[in-house]
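Chemist: What follows is a single structure, and I will ask about it in a moment.
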Amino acid sequence: MKINKFELFFLIVIYEIGSAILLDIGKGAKQDAWIAVLIATLIGLLPIFLYLSIYKRFPQQSLIGILRNVMGSKLGSIISFLYIIYFLYLCSRVLRDFGELLIIASYEKSPLAVIHTPMVLVVLYVAAKGFHILARLSVLIFYSLLIPFVVITLLELSEVDISNLQPVLPDGWMPIFHNVFPTMITFPFGEMIAFMMLFRYSLANIKVYKPSILGVLVAGVILSISSFFNAAILGGEAVERMSFPVLAAVSVINIGEFVQHLDAIVVIVMVLTGFMKIAIFFFAAFYATNELFSITKPNQTLFPLGFIVWFLSFTIASNYTDHIAEGLNIVPLYLHVPFQFIIPLVISLLMVFPLKNNKNSPI
């Protein structure tokens, strides 16, 4: 079964928000975080236009098929295998983010392995049913996210201190651009590369440009609003030091000693968005594995891939500090840039100037 353009839009909005709103991607820019997010959103459209242009040239193929076509069977298969590892690794990273959130918020003494197990099992169940089921869920989760976001944002107005946002651009534009690239461009906007693996298996001859671009823009605005309120309530310096600024900002809401402790609602909503992002990365790896190795019974790979994600999620870093440092300092430059920018650019060049000895090239 295929999905429609509205479901694609909901999927992209939730996917882009995902762990980005939890970690506040712009917090490195302190009180100017919301400006950094808006700039990153606009620049982040560039790689997305690149992905969509490649998809337009190969509408009947997934990322695996495209790589084999433009790079040849052998080289294309090697790079395809690296993409599988990449998607599984990112899946485990997002799982670790939300596992740490649950431990901090509610399950202080629980091991990560125990926290991660139920979410991995739910992802495997949905994957067994098909991507269209996740798309249907995205509609429900979108409104489960939107309604609390609007209500909490309105309640946060009473806690805003505009002085926390001043001065604007105290050190000029360079700190903002330093945070925008590569970190904020690659996370979350460049992560749309995962949809290159999903378009072929999902879309019923719909035009993907409008829902994709609109979904990214809406997600960027939501992320910018969240960053604005985090800084306005807590202060830029405090936000930069926090693991989960959005949780801290909501926890200070106290209206008449009656409306308070809303952070529990935020945790629930965040876990839902986290589940969607984990599931999309998993589907990308799942479909890529089955296509690359020509698996005739696709569900046979579910539990092996699920185990890899589960195991990696609590072994990729010894503690959460190392996990975040790895995600900010190593992953963007050494993983995201090659897989999100360099390889897609090479694909685009080979679409124009195909390899002479590549018999698979349709060009």
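The values are calculated or read from the model by the stated rules, or taken from the named source; none is laboratory data. Everything numeric in this text was worked out from a predicted model, so none of it was measured. Here Cβ is always computed from backbone atoms with ideal geometry, including for glycine, and neighbour counts include all displayed protein chains. Only protein heavy atoms, including side chains, enter the accessible area calculation; ligands, DNA and RNA are left aside. Shrake-Rupley method; radii C 1.70, N 1.55, O 1.52, S 1.80 Å.
Chemist: Among 78-89, 129-140, 165-176, what's the highest-first ranking by average C-beta atoms within 10 angstrom per residue?
Modeler: Highest-to-lowest ranking by the protection proxy: 78-89, 129-140, 165-176.
Chemist: Between residue 109 and residue 254, 0.36 nm times their residue separation minus their Cα-Cα distance comes to what?
Modeler: Difference between extended and current length: 49.4 nm.
Chemist: Same structure again: Within a Cβ distance under 15 Å of residue 286, other residues only, what is the Lys/Arg minus Asp/Glu net charge?
Modeler: +3
Chemist: In addition: Restricting attention to the range 270-344, which chymotrypsin sites (Phe, Trp or Tyr not before Pro) occupy a DSSP loop and are surrounded by at most 16 other Cβ atoms within 10 Å?
Modeler: Answer in residue order: 293.
Chemist: If you don't mind, there's one more thing I want to ask. What ranking of 159, 7 comes out by heavy-atom accessible area, probe 1.4 Å, highest first?
Modeler: Accessible-area ranking of 159, 7, largest first: 159, 7.
Chemist: Here is a follow-up. Between residue 151 and residue 6, what FRET efficiency follows from the Cβ-Cβ distance if R0 is 30 Å, with the result rounded to 0.05?
Modeler: So, using R0 = 30 Å, E works out to roughly 0.80.
Chemist: Tell me, what is the percent relative contact order of the chain, built from C-alpha pairs under 8 Å that lie six or more residues apart?
Modeler: Value for the chain: 41 percent.
Chemist: Also: Full extension from residue 294 to residue 207: what is 0.36 nm times the residue separation minus their Cα-Cα distance, to one decimal in nm?
Modeler: 28.5 nm
Chemist: Under 17 Å from a point placed 7 Å out from the Cα of residue 214 along the Cα-to-Cβ direction: which residues of the range 1-18 have their backbone N that close?
Modeler: 3-16
Chemist: Still on this structure: Determine how many Å³ per residue the convex hull of the Cα atoms of the chain encloses.
Modeler: Expressed per residue, the convex hull around the Cα atoms of the chain is 129 Å³.
Chemist: Using the Cα centre as the reference, give the magnitude of the dipole from point charges on the C-beta atoms of the range 1-124 (Lys, Arg: +1; Asp, Glu: -1; all else neutral), rounded to the nearest 20 debye.
Modeler: 540
Chemist: Taking amide H positions as placed 1.01 Å from N in the peptide plane, with prolines and chain starts having none, which residues 5 or more places from residue 3, or on another chain, fall under 5 Å of its amide H?
Modeler: 203, 204
Chemist: With every protein chain present, what is the per residue accessible area of the range 92-244 (1.4 Å probe, Å²)?
Modeler: Ligands and nucleic acids excluded, the result is 44 Å² per residue.
Chemist: Now for a different question. Tell me, what % of the accessible area of the range 78-148 is carbon and sulfur with a 1.4 angstrom probe?
Modeler: Exposed carbon and sulfur together represent 73 percent of the surface.
Chemist: Could you work out the mean projected area of the convex hull around the alpha carbons of the range 76-163, in square nanometres to one decimal?
Modeler: Averaged projected area of the range 76-163's Cα convex hull equals 9.9 nm².
Chemist: In what sequence, largest accessible area first, do 187, 177, 6 appear using a 1.4 Å probe?
Modeler: 6, 177, 187
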